[in-house]
Each structure stands twice: as C-alpha cells, then as structure tokens.
Amino acid sequence: MTKTVSRSKWLALTAILSAMASVLYFLEMPVPLMPAFIQFDFSMLPIFIGNIALGPLSGIVITIVKDLIHLIIKGAGATGGIGDFADFFTCLCFILPSGLIYKRFPNFKGMIVGLIAGCISSAVLSGLVFNALVVYPLYDKFILPMAAIIGMYQQIRPSANGLWEILAMFNMPYTFLKCVVISIIAVIIAKPLSSFLKINKDTNQQST
C-alpha cells in the first residue's frame, strides 16, 4: 500500500464515520433527571472508531464535521450554537486521552485505559470546569439568565444551589455516564471490528 492510498483510505473512512456521527447526532433523546436542553445521543461512537482506528486527528475531524453539519442544518436553535461548541469540547476531552494512550499502547489493555482516561477527562474538564467557566456564562450572556438556568436544576432538586454545585451534582456525573455507555458499546464492538482497527497500525507502518 502506498502513502497516497493510505491517505485516501483515511479520508474515505473519516468521511464515512463523519456521516454516521452526523446522523446519530440528530437522534437526540431526553435525559431523565436533567434539564430539557440536555440531550443524549450516540454520535461519539463513530468518533471513537475513527479515533482508535485512524488516530486522534480523525476523531477530531469527525467531531468538527458532525457539529458543523448539525449547526448548519438545525441552525443555532435554542442554545444559539453554544450546545454544539460544548459538544465539541466534550468530545475533544474524550478523544485526546483515549486516542493518544491507544496510539502508545495499541492493544486491548491500552484501549480500556484510554477509555477510562477519556471518561474521566470529559466528566471533569468538560462536564464541570468548561461548563462553569465558559459554556454556562455564555448561556447567561446570550440565551438565558443564570438564575433561570439554576432554577431549571432546582425544579429537579430544590436544594441545589450555585453553578458549581449543580454542575458537580448533575452535569459531571451525566457526562461521565454518557462516556461510559459509549465506551461499553465500543468495547463490545471492538472484536468484530478488529480487522478494521488494524488500519491504524498498517497506516503507521506505511508512513515510516
């Protein structure tokens, strides 16, 4: 296989996975015990496949494409595009640890360790810190006052008080559980996709 063919396969597979992620992103479902503007979807699954099989760059490209397609087709919507921005950062926090660890240790154990690191990274950095410092202040400035946002959480748990508290109580566990669900599915389908996952190794060999 030549370098040109390897790049062609990388582009073709990344494009296919981007299309799959885009479709899955539109199949959003409400989340019990969470405000209505937070939705669950399986679009991270194709991102995981690209991330492991083709490298972290593929995972990042798939994320960018699916978020842009979602934003173009659905428009800014109720979140003013902030939701897509938050989704990108959540995926990024999952992609980088899991992809880089698997790239360093390209075996089943490396995949598991990478997935665990990705789940924790997404939950803490995105579900808590990024939401508190960037996403929710943007909501407060452009979409909905912070008091109203906190009020939506207080309808679920009246004792919840303050942004950091509600994020630690709701968003961080939800982000972690979402990534865990995606990771479990990923591990289940890893064996059937074992020949596909060798693409990354083959491509690396061609590029040396």
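The values are calculated or read from the model by the stated rules, or taken from the named source; none is laboratory data. Because the structure is a prediction, the values reported are computed rather than measured. Every residue, glycine among them, receives a Cβ derived from its backbone with ideal geometry; neighbour counts consider all protein chains shown. These area figures cover heavy atoms from the full protein model, side chains too; ligands, DNA and RNA do not enter into them. Shrake-Rupley method; radii C 1.70, N 1.55, O 1.52, S 1.80 Å.
Read phi for every residue in segment 84-95 and hand back ³J(HN,Hα) as whole Hz from Karplus 6.51 cos²θ - 1.76 cosθ + 1.60, θ = phi - 60°, with x for Gly and Pro.
5, 4, 5, 4, 4, 5, 4, 5, 4, 5, 7, 5
Could you give the length gained by full extension between Val129 and Arg104, i.e. 0.36 nm per residue of separation minus their alpha carbon distance, to one decimal place? Walk me through the intermediate numbers first.
Details: separation 25, 0.36 × 25 = 9.00 nm, distance 2.72 nm.
Net length gain for the segment: 6.3 nm.
Go ahead and set up a Gaussian network model of the chain, Cα springs under 10 Å, then flag whichever of Ile64, Ile185, Ile112 fluctuates most.
Ile185
From the cross-link list Lys74/Lys103; Lys74/Lys178; Lys9/Lys141; Lys103/Lys141, which pairs have alpha carbons spaced over 32 Å apart? Before the final figure, lay out each step's value.
Working: Lys74/Lys103 35 Å; Lys74/Lys178 23 Å; Lys9/Lys141 43 Å; Lys103/Lys141 40 Å.
Among Lys74/Lys103; Lys74/Lys178; Lys9/Lys141; Lys103/Lys141, the Cα-Cα distance tops 32 Å for Lys74/Lys103; Lys9/Lys141; Lys103/Lys141.
Apply the Karplus parameterisation 6.51 cos²θ - 1.76 cosθ + 1.60, with θ equal to phi minus 60°, to every residue of segment 23-37 and state each ³J(HN,Hα) to the nearest whole Hz, in sequence, with x for glycine and proline.
5, 5, 5, 7, 8, 7, 10, x, 10, x, 6, 9, x, 5, 6
Among all cysteines in the chain, which have no other cysteine Cβ under 4.7 Å from their own Cβ?
Taking the Cβ cut-off of 4.7 Å, the unpaired cysteines of the chain are Cys91, Cys93.
Normalised by the number of residues in the chain, what is the relative contact order in percent for Cα pairs under 8 Å and 6+ residues apart? Intermediate values should be presented prior to the final figure.
Working: 253 pairs, mean separation 46.3, N = 208.
This gives 22 percent for the chain.
Between Lys141 and Asn161, what is the spin-label point distance in nm, taking each point 7 Å from the Cα along the Cα→C-beta axis?
2.9 nm
Against the longest principal axis of the chain, how steep is helix 56-74, in degrees 0 to 90 to the nearest 10, with axes from Cα atoms?
50 degrees
HN-Hα J couplings of segment 132-144 from phi, Karplus 6.51/-1.76/1.60, θ = phi - 60°, integer Hz, Gly and Pro as x?
Residue by residue, segment 132-144 yields 5, 8, 10, 5, 6, x, 5, 4, 4, 7, 10, 10, 8 Hz.
Tell me the label-point distance for the pair Ala19, Ala168, using the 7 Å Cα-to-Cβ offset, in nm and rounded to one decimal.
Taking the two extended label points, one gets 4.6 nm.
Provide Leu133, Leu144, Leu125 ordered by accessible surface of protein heavy atoms (probe 1.4 Å), highest first. Each step should come with its number before you reach the end.
On the way: Leu133 110, Leu144 65, Leu125 85 Å².
Largest to smallest exposure gives the sequence Leu133, Leu125, Leu144.
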